[in-house]
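Colleague: The structure's right below; bear with me while I get my questions together.
The values are calculated or read from the model by the stated rules, or taken from the named source; none is laboratory data. Keep in mind the model is a prediction, meaning the values are calculated, not measured. Don't worry about glycine lacking a Cβ; one is built from the backbone with ideal geometry, like all the others, and counts go over all protein chains shown.
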Amino acid sequence: MERRRIGNSGLEVSRLALGTMTWSRDTNADEAGAQLDLFLDAGGTLVDTAASYADGGSEATIGAMLGGTVNRSEVQICTKAGIRRTSRGGVIDSSRNTMLASLDASLKRLHTDHVDLWLVHAYDSVTPLEETLHALEIAANSGRARYVGVSNFPAWAMTHIATLATGRPAIAATQCEYSLLQRGVEREVLPATEALGMGFLGWSPLGRGVLTGKYLDSIPADSRAASEHLAGFVEPYLDERSTAITRALATAAEGLDWSMQETALAWVLGRDEVASTVVGARTATQLAPSLRAATHHLPEAIGSALDEISAPHIGYPERR
């Protein structure tokens, strides 16, 4: 599998990252192990997780593997902090205390002394960015995080924290949702990322599973949209616009003799701005087509047709 450098940093990662949001909850340890073996055999290196995934269960599953059959040197770990669990549910909190306490807990669950990339999980409108940056600086300077970055930040906040980091460990990467169904980052995030010398990591390139085509006719009983935990996550992409894009993707996939999953991923991987994109699956069988997509190159005419039907609205002030 091809590797790419994260922006101007020295960090190189695999073009596909293995997503683990469902591990320990919808994906058991044996199935997670099968996924990781398949991913590593395909040349993948970057495993994406977060302290909040399954209340730490995802990290613990990865840690059990690193403490057993998987060599730590074979795996690059990206984890995230900044969502604090309360009796009312998850609360965004990127304060220094919460961030560093979360990192220490992550390292314990992961059975490692460092992560390769540590991200602020979401923009916190209450905590000053300077305080959040200080937590990233402490993590990098102590060696607990080799590189640091942000996730799900609007472009202005991403630019602000990157500017504040001048003379300190750089904000190396930003991670945001990016697929044929969600191209909002093209308005400001991607141009800002390039201007700042940061790398871009995409998540949910399959449109939260919708671009596999599984929801075109109904909602399967064993799907995310039928899950107690993830139904609300999928629902926004079950609208009329998303269905039209998904049907166009189905036509393209049929013409290429590829699966819809492979075609949707090939579109994302064809974007030069994307260093890596996170693919998640409940089973190893579901993961296999995503790994095949890493070898595909989307024909220009088909790519242009998919660009046109999925184009986001861009108006003032980005376009006049």
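Colleague: Go through the range 72-94 and give me each residue that's out of contact with any Ser or Thr (no Cβ under 6 Å at 6 or more places or on another chain) and either surrounded by 23 or more Cβ atoms within 10 Å (Cβ to Cβ) or at positive phi (or both).
Modeller: Ile77, Cys78, Gly89
Colleague: From the set of residues in the range 50-70 that are closer than 12 Å to Thr22 by Cα and without any contact (Cβ under 8 Å) to a residue 40 or more places away in the chain, which is surrounded by the most Cβ atoms within 10 Å (Cβ to Cβ)?
Modeller: Ser58
Colleague: Moving on. Only residues that are hydroxyl-bearing (Ser, Thr, Tyr) and either at pLDDT below 95 or assigned to a strand (DSSP E or B) (or both): list them for the range 3-40, please. I'd like the intermediate steps shown before the answer.
Modeller: Of all residues in the range 3-40, those hydroxyl-bearing (Ser, Thr, Tyr) come to 9, 14, 20, 22, 24, 27.
Result: Ser14, Thr22, Thr27.
Colleague: Among the residues in the range 174-190, are any touching a residue at least 60 places away in the same chain (Cβ under 8 Å), buried (at least 18 other Cβ atoms within 10 Å of the Cβ) and assigned to a helix (DSSP H, G or I)?
Modeller: Within the range 174-190, one or more residues are touching a residue at least 60 places away in the same chain (Cβ under 8 Å), buried (at least 18 other Cβ atoms within 10 Å of the Cβ) and assigned to a helix (DSSP H, G or I).
Colleague: Moving on. Regarding Ala264, is this residue small (Gly, Ala, Ser), under 18 Å from Leu190 (Cβ atoms) and either surrounded by 23 or more Cβ atoms within 10 Å (Cβ to Cβ) or in contact with a Gly (Cβ under 6 Å, 6 or more places away or on another chain) (or both)?
Modeller: Numbers: small (Gly, Ala, Ser): yes; under 18 Å from Leu190 (Cβ atoms): no; either surrounded by 23 or more Cβ atoms within 10 Å (Cβ to Cβ) or in contact with a Gly (Cβ under 6 Å, 6 or more places away or on another chain) (or both): yes.
Judged against the criteria, Ala264 is not a match.
Colleague: To continue, here is another question. Inside the range 31-49, can you point out the residues that are of a type in the set (Gly, Ala, Ser) and surrounded by fewer than 22 Cβ atoms within 10 Å (Cβ to Cβ)?
Modeller: Initially, the range 31-49 is screened for residues of a type in the set (Gly, Ala, Ser), giving 32-34, 42-44.
Correct list: Gly33, Ala34, Ala42, Gly43.
Colleague: Within the range 58-138, considering only strands (runs of 3 or more DSSP E) that don't extend past its boundaries, which have at least 2 residues that are within 26 Å of Ser14 (Cβ to Cβ)?
Modeller: Working: elements: 76-81, 83-86, 89-92, 115-120.
In the range 58-138, the matching strands (runs of 3 or more DSSP E) lie at 76-81, 115-120.
Colleague: Would you check if Thr263 is in a helix (DSSP H, G or I) and in contact with a helix residue (DSSP H, G or I) (Cβ under 6 Å, 6 or more places away or on another chain)? Explain how you work it out, then say what you get.
Modeller: Numbers: in a helix (DSSP H, G or I): yes; in contact with a helix residue (DSSP H, G or I) (Cβ under 6 Å, 6 or more places away or on another chain): yes.
Answer is yes for this residue.
Colleague: Name the residues in the range 272-305 that are touching a residue at least 60 places away in the same chain (Cβ under 8 Å) and part of a loop (DSSP other than H, G, I, E, B), would you?
Modeller: Once the filter is applied, which keeps residues that are touching a residue at least 60 places away in the same chain (Cβ under 8 Å) and part of a loop (DSSP other than H, G, I, E, B), the range 272-305 yields Glu273, Ala281, Arg282, Thr283, Ala294.
Colleague: Can you report the number of residues in the range 20-30 which are touching a helix residue (DSSP H, G or I) at 6+ places or on another chain (Cβ under 7 Å), surrounded by 18 or more Cβ atoms within 10 Å (Cβ to Cβ) and not hydrophobic (A, V, I, L, M, F, W, C)? Lay out the reasoning, then the answer.
Modeller: Looking only at the range 20-30, we keep the residues that are touching a helix residue (DSSP H, G or I) at 6+ places or on another chain (Cβ under 7 Å), and these are 20-21, 23-25, 29.
This time we only want the ones that are surrounded by 18 or more Cβ atoms within 10 Å (Cβ to Cβ), so: 20-21, 23-24.
From what is left, the residues that are not hydrophobic (A, V, I, L, M, F, W, C) are 20, 24.
Residues that pass the stated criteria total 2.
Colleague: Can you tell me which residue in the range 245-261 is surrounded by the fewest Cβ atoms within 10 Å (Cβ to Cβ), limited to those that are more than 22 Å from Phe39 (Cα to Cα) and of a type in the set (S, T, N, Q)?
Modeller: Step one: of the range 245-261, the residues more than 22 Å from Phe39 (Cα to Cα) are 245-257.
After this cut, where a residue has to be of a type in the set (S, T, N, Q) as well, the list is 246, 251.
Values: Thr246: 24, Thr251: 14.
Per the stated criteria, the residue is Thr251.
Colleague: Among the residues that make up the range 167-187, is at least one of them of a type in the set (A, V, I, L, M), touching a strand residue (DSSP E or B) at 6+ places or on another chain (Cβ under 6 Å) and closer than 24 Å to Thr246 by Cβ?
Modeller: yes
Colleague: If you go through the range 246-268, how many residues are β-branched (Val, Ile, Thr) and either in contact with a Phe, Trp or Tyr (Cβ under 9 Å, 6 or more places away or on another chain) or over 18 Å from Glu308 (Cα atoms) (or both)? Step through it out loud before you land on a result.
Modeller: Here is the first cut: in the range 246-268, the ones β-branched (Val, Ile, Thr) are 246, 251, 263, 268.
Those still in the list that are either in contact with a Phe, Trp or Tyr (Cβ under 9 Å, 6 or more places away or on another chain) or over 18 Å from Glu308 (Cα atoms) (or both) too: 246, 268.
Of the residues in the range 246-268, 2 are β-branched (Val, Ile, Thr) and either in contact with a Phe, Trp or Tyr (Cβ under 9 Å, 6 or more places away or on another chain) or over 18 Å from Glu308 (Cα atoms) (or both).
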